[in-house]
Amino acid sequence: MRAIAEAGVHDQAAHQVDHRDHLEIWVSLNVVRIHVFEFIGGGGMAGSPIPATLVREGDLMLTALVADLLELSGVQVSLARDARLALPIDPRLRGAQVFWRGPDVAPSEALAREIEAADATWPIAPETGGELERAARAVVGAGRQLLGARPHAIRLAASKYATTQRLRRAGIEVAPCYRRGQPWPDIQGPWVVKPDDGAGCIGMRVVRGRREAAAALGDGVQRLIAQPWIPGDAMSLCAIANGRHVEVLSVNRQHLEQTDGTMQLAAIDVNCEPVTQVLTALAERVVCAIPGLAGYFGIDYVQAATGPVVIEVNPRLTSSYAGLRAALGLNVAEYVLAAANGQPLPVRSGHPGRPIRLTFDGHAFR
């Protein structure tokens with residue numbers, strides 16, 4: 001990487017590229033000022049209460065990412081923070097510039113200013129309500145480099161129903177997904193009802209059967225979808241794509257807790273199993289099926305008796321990222337910057353690393 005530019009000086013080559021032309025152009029790696037926008041704690045919920053559980057989860061990802069970026073030579077890092085919140089107490093955040101967001105500036109205006117002040121922006125936001133897509137389009141529209149999936153890929157992955165249809169047409173095993181008004185097969189056992197554009201377990205409910213699931217969809221105003229419960233282990237993949245190559249970083253086990261029909265992610269065992277050829281092939285097929293799925297992304301799946309069954313694709317940083325450094329000894333941000341430049345991904349050692357348990361009870365690891 002080149003030396004850090006002086007304040008107010010932008011590298012012309014990095015900013016005169018037309019990112020809107022098919023949104024598939026990889027710019028040269030002249031990125032030195034990187035802005036991290038984590039939606040929950042970064043002012044995206046201005047005017048609304050901020051659930052403490054979401055703040056903790058967001059802060060885990062924010063802290064891990066900023067620490068990785070600050071470790072890279074020639075990189076300056078900024079982050080957004082809601083003025084109602086304190087910064088996470090973590091020495092790894094020292095050296096990052098903080099844009100404090102108050103109630104007097106609209107979130108979209110604040111984000112536009114932050115994007116303008118950086119060479120590249122890495123958005124971490126839920127797909128819900130189009131938040132992640134809007135942030136990505138704001139970066140592209142400003143002529144800055146987007147570190148992550150292209151907006152059109154985010155739009156597709158934001159809809160669980162659309163993702164299911166796309167992956168199924170590509171021959172990928174997926175959990176069936178149904179909407180109100182469709183004919184439903186008579187699949188016995190529990191069903192899951194959740195928002196079509198939901199993130200994580202937010203809004204997810206488990207009901208006793210198909211009839212209850214159909215009733216739970218209501219009048220369709222909330223854009224809910226229903227899926228039959230797939231028996232097996234709840235798993236996820238952390239992966240990186242650079243347009244030519246897909247690297248699966250880790251296989252993770254998700255520990256879900258069910259209370260009165262609602263689901264909550266209690267913990268993740270990061271790097272709990274070896275990456276197999278089957279799982280690598282799955283990630284490659286998903287990337288082929290969703291053009292523009294670039295940089296870091298996650299795949300949630302159930303390890304069923306017949307093999308992996310995809311539940312959803314997350315076109316963004318996932319919670320498991322917070323455990324990757326401890327589990328693998330890798331600076332994953334370095335991989336993502338290489339992917340953004342279309343460069344070969346750094347060579348990994350043959351060491352498999354170790355499993356790490358990531359929790360969301362206020363402690364990072366247990």
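The values are calculated or read from the model by the stated rules, or taken from the named source; none is laboratory data. Fair warning: this is a prediction, and the values are worked out from it, not measured in the lab. Every residue, glycine as well, gets a Cβ built from its backbone with ideal geometry; the counts of neighbours run over all protein chains shown. Accessible surface is based on the protein model in full, side chains and every heavy atom, while ligands, DNA and RNA are left aside. Shrake-Rupley method; radii C 1.70, N 1.55, O 1.52, S 1.80 Å.
Below are the figures for this structure:
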quantity	calculated
Average silhouette area of the range 256-366, convex hull of alpha-carbon atoms, in square nanometres	8.6 nm²
Theoretical FRET efficiency, 1/(1+(r/R0)^6), r = Cβ-Cβ of GLN165 and THR53, R0 56 Å, to 0.05	0.95
For the chain, alpha-carbon Rg relative to the globular expectation (2.2 N^0.38 Å, N residues)	0.96
Most to least accessible of GLU273, GLU71, GLU312 (protein chains only, probe 1.4 Å)	GLU71, GLU273, GLU312
GNM result for the chain, Cα springs below 10 Å: residue of SER48, SER159, SER78 fluctuating most strongly	SER48
Computed lengthening from ARG348 to ALA281, 0.36 nm per intervening residue step minus Cα-Cα distance	22.3 nm
PHE37 accessible area, 1.4 Å probe, all protein chains in place, Å² to nearest 10	10 Å²
Charged-residue dipole, Cβ positions (Lys, Arg, Asp, Glu), the chain about Cα centre, Debye nearest 20	520 debye
Rough spin-label spacing in nm, given labels placed 7 Å along Cα→Cβ, for TRP229 and GLU212	0.8 nm
Residue order for VAL270, VAL105 - accessible surface, 1.4 angstrom probe, largest first	VAL105, VAL270
Share of carbon and sulfur in the accessible heavy-atom surface of the chain [1.4 Å probe, %]	53 percent
Zone residues, the range 216-259, relative to ARG92, backbone N less than 16 Å from point 7 Å out along Cα-to-Cβ	none
Inter-probe distance in nm under a simple model that places probes 7 Å from Cα toward Cβ, at ALA83 and GLN188	6.0 nm
Nearest-0.05 FRET efficiency for HIS255 and ALA304, computed from C-beta distance (R0 22 Å)	0.80
Accessible surface ranking that places the most exposed of TRP122, TRP184 first, with a 1.4 angstrom probe	TRP184, TRP122
Built amide H within the under 5 Å cut-off of LEU249, gap 5+	CYS238, ALA239, ILE240
